[in-house]
1. Could you work out the Kirkwood radius for segment 40-112, taking every pair of different alpha carbons, averaging 1/r and inverting it, reported in Å?
2. Taking a probe of 1.4 angstrom, what is the accessible area of SER277 in Å², to the nearest 10?
3. Can you divide the C-alpha Rg of segment 1-129 by 2.2 N^0.38 Å and report the result to two decimal places?
4. Let me check the size of segment 170-283 from its C-alpha atoms; what are the radius of gyration and Dmax in Å?
5. For a quick check: with amide H placed at 1.01 Å from N, whose amide H comes under 5 Å from ALA199's, ignoring anything fewer than 5 positions away on the same chain?
6. Where in segment 35-52 is the amide nitrogen less than 14 Å from a point lying 7 Å along the Cα-to-Cβ axis of ALA19?
7. Please work out whether segment 265-343 counts as rounded, prolate or oblate from its C-alpha gyration tensor, where a ≥ b ≥ c are the square roots of the eigenvalues and a/c under 1.5 means rounded, while otherwise a/b larger than b/c means prolate and anything else oblate?
8. May I ask you to order 67-79, 319-331 by the average number of other C-beta atoms within 10 Å around their residues, highest value first?
Amino acid sequence: MSVKISVIIPVYNAEKYLAETLDSVLNQTFADFEVIAVNDGSKDNSLAILKEYEKKDKRIKVIDKKNTGVSDTRNIGIKNAVGEYVCFVDSDDLLSVSYLQDLYIAARDTEADIVMCNYITFYDDKALNQYQNKEYDILVLENSNKDTAFMKSMNKGIGSSSCNRIIKLSILRNYCIYYDTEMTFGEDMFFNWKAVSVAEKVVYIDKILYFYRQIGDSSIIRFHADLFKKYKTACLGILNFFNKNGISDVTFINEVYICFTKRLASFLRMIIRDKCSYDEKRRQINDILNDKMFMKALYDYREDVYQNEANHAVKMYKAAEKRRINTLIWCGIKYECRLQWGRKIKGYLRKIKK
């Protein structure tokens, strides 16, 4: 049985919000879709909730497996999908009632391979109804100017998420585009770059249709071991993908290097969090400063980085240029403190508003 859209939902310990998420998917104004809910070895009541919904609605297919991470879980969803398009929904997020309809109609009318929309981040106390019925503009971009769609999505902050778009399944399968299971931070972005780079037509609709729930620790808060090495491997992987498929668009290639450089703050934070000696931290930073790919990217694109970063971040990049390891360690400590305290203050303010 074929359908227009396969909705892939990776599920791990999501019992608190899972029913609400499933309801927002099943209550869509668009009906021709399937739901592939992949339980990633949840230890709570998530699987029981999924089984209950599977009994009530024939559109839901539940796959249960051992815990292997969100990337592998999404890949299993892709391999089991039968839709013309696929989309990804996180198990605690919400959709506008017209999410699938708006995206599919735009895809059908423009014959697009990818249709993206806008989204917002919300907390439990955030009112969502105000975003449901606003008018929107549509931007159609074909293969001759896909870099415009790419840069627009990156500049608006919507290019790094997989949960605000539908993608033609044939593209993913024809070009073997799957999530990198070794990446634990930024895997969405690399997946999206590959898909956009080989799409013939990309559409962006300026309407908020997806609602990303912020709870607990985000990926930027969690510790990611060997982040620098994993990021470099992923960047080389996507450059090899571009080369293999004849993607020579300078915008795509440059953005890979710029992104690699702009992750320096994240690399430093992970080194600071690493439970190792001060000398080991110095060694890890020295490895970054001796990496030819990273330093070339820093020198080639520092003006772009400087223009788009705050002053305190520019000081960090200049310290990297001058190979000042102690200064970079101090920058990492300041970034970590700013992140942790900023999170605590925001949480406190949300409690006051309640």
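1. Kirkwood hydrodynamic radius for segment 40-112: 14.4 Å.
2. 70
3. Values: Rg = 14.4 Å, N = 129, 2.2 N^0.38 = 13.9 Å.
Ratio of Rg to 2.2 N^0.38 Å for segment 1-129: 1.03.
4. 16.6, 50
5. Excluding prolines and chain starts, which carry no amide H, there are no hits.
6. Inside the label zone: 45-52.
7. oblate
8. Per-residue mean Cβ counts within 10 Å order the peptides as 67-79, 319-331.
The values are calculated or read from the model by the stated rules, or taken from the named source; none is laboratory data. These figures come from a predicted structure and were not determined experimentally. Note that each Cβ is placed from the backbone with ideal geometry, even for glycine, and that neighbours are counted across all protein chains shown. Ligands, DNA and RNA are excluded from the accessible area calculation, which covers all protein heavy atoms including side chains. Shrake-Rupley method; radii C 1.70, N 1.55, O 1.52, S 1.80 Å.
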